[in-house]
Amino acid sequence: MADPTRRVLAESSRLIIVKVGTRVLTGADGLLDSARIEALGRQFDALLSQGRRVVLVSSGAVGAGMGRMGLAERPQELAHLQAVAAIGQSSLIEAYERAFRGHGRHAAQVLLVAEDLQDRARYLNIRNTLRALLDYGAIPVINENDTVSVEELRTSFGDNDRLAALVTTLLGADLLVLLSDVDGVFDRHPAEPGAARLPLVERIDGAVEALARDHLGGVSKGGMASKITAARIATEAGSHCVIASGRDDRVLERLMAGEDIGTAFVGRGATVPAWKRWLGWSADARGRVIVDEGARDAIVANGRSLLAAGVRRLEGDFASGDVVAIAAEDGREFARGLVNYSGAELRRIAGLKTDSIAGMLGFCPYEEVIHRDNLAITRRDHAAG
């Protein structure tokens, strides 16, 4: 039976980002599950036939490579891990192309590293390319480029849940669907007696985050904590999100029919403007500005700019025009924005009222440290300690 809230969510979702995890795509032997991929192909075709647009963010390259190479354990050495991913990537995209081609559709492989979205020009190029692929009726299949992504060089997304959330903000998608090996978020460990699924979450707070239970190991990098983090990114940017079981071969059809499956997270208000989506979730912050409670409330509750009077201390060295993170005094980040003053200048005027800036610096080019037009709120609630 369709749930009213779910029906509204489904009917309003025209552009959908679907992330599929490794555990959904592969069996216990590490090989790709061809039947599961065929089921995804059928469901994607159904969504496209309804006039919707779909982007797939797919894990599974390492698992597929392990299966093809007959490996029983995930390689530990970076070069070997990247080599297995390269071997598996061809298997993965071939499997999707076969599944989509059977319905007259085509897969378009897109491999990304984090720096692709941090750089504004590359970010816009990727967005334009993805939009063009959707105009052609193709299904973009996105994965992190594991063959060149190296965490030491800060080019790793960390997991494909986060990558899917960033693609959601990149395109301003209506809905992010995270398909996992569990049926959603539960009020306790799903294996415990009496565990109950949360059907609807209207606001992600510390209590919801505390429900996450990671099960790291095997060939999967993600876990429930990373999925809730991805849901937070998507919903703060104005998109909806659903975490559901990818082992249900009708899961997308059922979601679009408004059925009460998985856990749905409601987007918080209208979609954030494109410029602020890049600022808030993709741009690389060059430093941190720690502000007092009054400044935090003015920004989050009232949509105000950040003034020097609210600045308590700084972390890092940055130039005027850089993107910086804005954090509360407990260190928790809640916004990002383009700073009007360099770190050296801001350290001199931190805590001062605006009319005192010229006396300290000899000039006052800006009344605001960060103007509200160049500021994106990334977290509205106070996180649990």
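The values are calculated or read from the model by the stated rules, or taken from the named source; none is laboratory data. Since the model is a prediction, treat every value here as computed from it, not as a measurement. Cβ: placed from backbone, ideal geometry, glycine included. Neighbour counts: every protein chain shown.
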Please determine whether any residue of the stretch 91-103 is surrounded by fewer than 14 Cβ atoms within 10 Å (Cβ to Cβ), among the hydrophobic types (A, V, I, L, M, F, W, C) and either over 13 Å from L32 (Cα atoms) or not assigned by TED's automatic domain parsing to the domain that holds V18 (or both). no
Mind telling me which of the residues V311, V300 ends up being at pLDDT 95 or above, under 23 Å from the mean Cα position of the chain (by Cα) and among the β-branched types (V, I, T)? V300
If we ask which residues in the stretch 242-273 are under 16 Å from R14 (Cα atoms), of a type in the set (D, E, K, R) and assigned to a strand (DSSP E or B), their number turns out to be 0
Out of all the residues in the stretch 274-284, which are modelled with pLDDT of 95 or more and in a loop (DSSP other than H, G, I, E, B)? A283
Among helices (runs of 4 or more DSSP H) completely within the stretch 293-385, the ones holding 3 or more residues that are outside the structural domain of T271 (by TED's automatic domain parsing), in contact (Cβ under 8 Å) with a residue 24 or more places away in the chain and within 22 Å of T271 (Cα to Cα) are 293-302
Matching residues, the stretch 35-71, being outside any helix (DSSP H, G or I), free of Cβ contacts under 8 Å to residues at least 40 places away in the same chain and either over 27 Å from L134 (Cβ atoms) or β-branched (V, I, T) (or both): G70
Which of the residues spanning the stretch 1-32 are surrounded by fewer than 20 Cβ atoms within 10 Å (Cβ to Cβ), not in a helix (DSSP H, G or I) and not hydrophobic (A, V, I, L, M, F, W, C)? D3, R14, G27, D29
Residue within the stretch 109-123 that is under 21 Å from R162 (Cβ atoms) and touching a Gly at 6+ places or on another chain (Cβ under 9 Å) present: yes
Scanning the stretch 72-90 for residues that are within 25 Å of F100 (Cα to Cα) and without any contact (Cβ under 8 Å) to a residue 40 or more places away in the chain, the one surrounded by the fewest Cβ atoms within 10 Å (Cβ to Cβ) turns out to be S90
Is it true that some residue in the stretch 117-132 is modelled with pLDDT under 85, over 20 Å from A244 (Cα atoms) and surrounded by fewer than 16 Cβ atoms within 10 Å (Cβ to Cβ)? no
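Let's see how each residue does on (1) closer than 30 Å to E38 by Cβ; (2) not hydrophobic (A, V, I, L, M, F, W, C):
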{"residue": "E259", "(1), (2)": "yes, yes"}
{"residue": "T271", "(1), (2)": "no, yes"}
{"residue": "A274", "(1), (2)": "no, no"}
{"residue": "R277", "(1), (2)": "no, yes"}
{"residue": "G280", "(1), (2)": "no, yes"}
{"residue": "D297", "(1), (2)": "no, yes"}
{"residue": "S305", "(1), (2)": "no, yes"}
Of all residues in the stretch 33-52, which are of a type in the set (A, V, I, L, M) and surrounded by fewer than 17 Cβ atoms within 10 Å (Cβ to Cβ)? A35, A46
Residues that are in a helix (DSSP H, G or I), over 22 Å from I93 (Cα atoms) and without any contact (Cβ under 8 Å) to a residue 40 or more places away in the chain, drawn from the stretch 111-124: A121, R122, L124
Can you tell me which residue is nearest to I126 (Cα to Cα) among those in the stretch 271-297 that are of a type in the set (D, E, K, R) and within 23 Å of the chain's Cα centre (by Cα)? R277
Out of all the residues in the stretch 102-110, is one or more among the charged types (D, E, K, R) and either under 30 Å from K276 (Cβ atoms) or free of Cβ contacts under 8 Å to residues at least 24 places away in the same chain (or both)? no
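Of these, A164, A173, which one is at pLDDT 90 or above, closer than 30 Å to R286 by Cα and in a loop (DSSP other than H, G, I, E, B)?
On the way: A164 fails: in a loop (DSSP other than H, G, I, E, B).
Being at pLDDT 90 or above, closer than 30 Å to R286 by Cα and in a loop (DSSP other than H, G, I, E, B) holds for just one of A164, A173, which is A173.
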